[in-house]
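First up is the structure itself, then whatever we jot down about it.
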Amino acid sequence: MNIKIEIKIKNKVKLLANANLILLTNDFGWVSIKDFQIWESNVYNKRLQDFINIKPPSVRVFGRYLDRIFFEDSEQWEILEKLIFDAYKQKQAELAPINYDAINNLSK
């Protein structure tokens, strides 16, 4: 695949993490798009099956946040959103503490 996703766990109030995309292009080599945001949400995301919202990089202008990247094809955005979500879940699993008591109880 010609995409890499880096996840940086934040856990700042509702901001759970940021994601950086590194895309391999034919003409320019690797290109990075930084600061996709992964937010805790009160609304259930049916596509991701979780209370999570993933947003493209944005900028605050006159008190409003405007997306800096827009996907003309919403289906392509949904594919990328799922890739970011999967990378986030994988990063969470890597950082999860090991519960040795639970492991020991399984062997009894």
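The values are calculated or read from the model by the stated rules, or taken from the named source; none is laboratory data. None of the values given here were measured: they were computed from a predicted structure. All Cβ positions, glycine included, derive from the backbone under ideal geometry; neighbour counts span all protein chains shown.
Values for this structure:
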read-out: Tabulated pairs, the range 51-70, first closer than 19 Å to Ile7 by Cα and touching a residue at least 40 places away in the same chain (Cβ under 8 Å), second of a type in the set (Ser, Thr, Tyr) and surrounded by 15 or more Cβ atoms within 10 Å (Cβ to Cβ), C-beta under 9 angstrom, 6+ apart or interchain; value: none
read-out: Residue that is surrounded by the most Cβ atoms within 10 Å (Cβ to Cβ) [pool: residues in the range 27-63 that are of a type in the set (D, E, K, R) and in contact with a Pro (Cβ under 8 Å, 6 or more places away or on another chain)]; value: Asp35
read-out: Ile5 touching a Lys or Arg at 6+ places or on another chain (Cβ under 6 Å), modelled with pLDDT of 95 or more and not polar (S, T, N, Q); value: no
read-out: Strands (runs of 3 or more DSSP E) (entirely within the range 11-92) containing at least 1 residues that are small (Gly, Ala, Ser); value: 15-25, 29-45, 58-61
read-out: Ile22 vs. criteria surrounded by 14 or more Cβ atoms within 10 Å (Cβ to Cβ) and in contact with a Ser or Thr (Cβ under 9 Å, 6 or more places away or on another chain); value: yes
